[in-house]
Amino acid sequence: MAQNREIKEKRARRPLWERIIRGVVFSFAGLLVLALVAVQVAMRPSVMKAAVDRFAAPFIDGNLHVGKVKASVIKRFPKASVSIDTLVITYPHEKFARWDSAGTGIPFRSEGCGAGGTDTLVSAVKAEADINILKALKGKFHIGRVLLEGPRVFIHVFDSTASNLQVIKIPQPSEKDTLSSPLPDISLSHIALSGSPFAVFTDAVSPMAGRLSMDGLSFKGKVSTSDLPSSKGDLRLDSLRLDALSSAGAVFLGVDLLSLNQGRRLMDAVLKSRVRLETESLDLKEFPVTLTGKVGAVPAEDILKDRPKGAGRHSSRPGISAQDLDLKVAAIELKGSGDAVFLGDSAYIKAGASVDKCKVGELITFLGGSIPSLKKFSTDAVVSLDAACEGFLNPSRNSLPDMKLSLKAPRSAISFLGVEEKGWMSLDIEAASGE
């Protein structure tokens, strides 16, 4: 009892202003908790499902099917999180039935087409996202994470005027809005795709088709529309496969690993893949492709600082830099670096690449499996290449960057099967443009 009396006496001795501030703070905190509880109670799954339907209706010229919708503002405040079990965008097959005969025989043409007269554009087993409420009230949209499980996309182009992407209605901004309205301030911290996502694309006009699949993708870092050059993070993509087919042939690409890890200024890039090329006249066996280097967005002024004033230095767009690139394709190893800034109707490019002492015999051995006639040819030649370009690329003005090329091969022996005498070759070529 004495202890309780002592506590009450201490509280009574506090200054009036302190007691008022404490009362206001506790009252505000209590009101905030009550408000959050009220919002959470109001965000029942049935209410949220109806809200999602109302929000999506103006943007979808088809049918949106969503499963259970959950929302939470208390668990991760000040972030509000939303999760949707099962998300599917469909449309009646009749909508594009007049083009049923277009692209007949194109691979993947029937994917996404349902048996019950309903075709699918997009589907996902589960979708989750969260956004910072307090920042959103200030017009800054900080999306903490976007998680998609089992996403599927089926895109079909029927002719030059029709594709099933027309199911998505995108509002067209006026010219005034385009000129005066900057991009909204959106930042993203985490993206993850899981559940073996894949996408299908067919084009009856070309004709061509492609199918992209992967085990998963993960990005963690920060990308912001207000400061793209400062974007950073780590990206990892596992077991991607691309099958691309057209009237000219087919390309099969398998990416075992694509990794981008944030360094001090640029991202460290690693690509390990396999490629196979098939045409009517050539069936190139699968060959490895590896790439390492540093890539990323940098301020345009860092690239254009040595250019004369006015030569694009006013650009507010970020530049792209690639440094210490090392590309290995079968028996060829190419090293290089480059920078580029896109300036609307033109682009400033400065780049260089080199191949040092490529052994032609090893290249012939590799290609001989696909081109049998090359097996009759052998040589100990080594070829070196140096290339560089700098300047502005502007297709509308038919302008190209200045280029320099050097191709050298010391005197080397050449042998042909069935020919006793050896031949000899050497190369020393220098070429340049813009001089």
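Return the distance in nm (one decimal) between the two label points of a simple spin-label model at His93 and Lys285, each offset 7 Å from Cα along Cα→Cβ.
Between His93 and Lys285, the label points sit 4.4 nm apart.
Provide the packing ranking of 95-103, 156-164, i.e. peptides ordered by the mean count of other C-beta atoms within 10 Å per residue, highest first.
For the peptides 95-103, 156-164, the packing ranking is 156-164, 95-103.
Between Asp302 and Lys70, what is the FRET efficiency for a Förster distance of 45 Å, r being their Cβ-Cβ separation, to the nearest 0.05?
Working: r = 45 Å, r/R0 = 1.01.
My answer for the efficiency is 0.50.
Pull up all non-local amide H partners of Asp119: gap of 5 or more, or a different chain, and H-to-H distance under 5 Å with H placed in the peptide plane.
Residues meeting the amide H criterion: Tyr91, His93, Gly114.
If each of Leu374 and Thr161 carries a label point 7 Å out from its Cα toward its Cβ, how far apart are those two points in nm?
4.7
Accessible surface of Phe141 in the full protein assembly, 1.4 angstrom probe, to the nearest 10 Å²?
80
What distance in nm lies between label points placed 7 Å from Cα along the C-beta direction at Trp424 and Asn394?
Those two pseudo-labels are separated by 5.0 nm.
Where does each of 354-362, 199-207 land if you order them by average Cβ count within 10 Å, highest first?
Taking the mean over residues of other Cβ atoms within 10 Å, the ranking is 199-207, 354-362.
What list of ³J(HN,Hα) values in whole Hz, one per residue of the range 196-207 in order, does the Karplus curve 6.51 cos²θ - 1.76 cosθ + 1.60 (θ = phi - 60°) give from phi, with Gly and Pro shown as x?
Karplus values, whole Hz, x for Gly and Pro: 6, x, 8, 9, 10, 9, 9, 9, 6, 7, 4, x.
Straight-line reach from Lys305: which aspartates and glutamates have a Cα under 18 Å away, not including same-chain ones fewer than 8 places off?
By straight Cα distance, Lys305 reaches Asp339, Glu390.
If I stretch the segment between Glu362 and Leu212 completely, what's the gain in nm (0.36 nm per residue apart, minus their alpha carbon distance), one decimal?
Fully extending the segment from Glu362 to Leu212 adds 50.8 nm.
Please compute the length gained on full extension between Leu253 and Leu407, using 0.36 nm multiplied by the number of residues separating them and subtracting their Cα-Cα distance.
The span from Leu253 to Leu407 would gain 52.5 nm if fully extended.
The values are calculated or read from the model by the stated rules, or taken from the named source; none is laboratory data. Nothing here was measured: the structure is a model prediction, and the numbers come from that model. We place every Cβ from the backbone using ideal geometry, glycine too, and count neighbours over all the protein chains shown. Note: areas computed on protein heavy atoms with side chains; ligands, DNA, RNA excluded. Shrake-Rupley method; radii C 1.70, N 1.55, O 1.52, S 1.80 Å.
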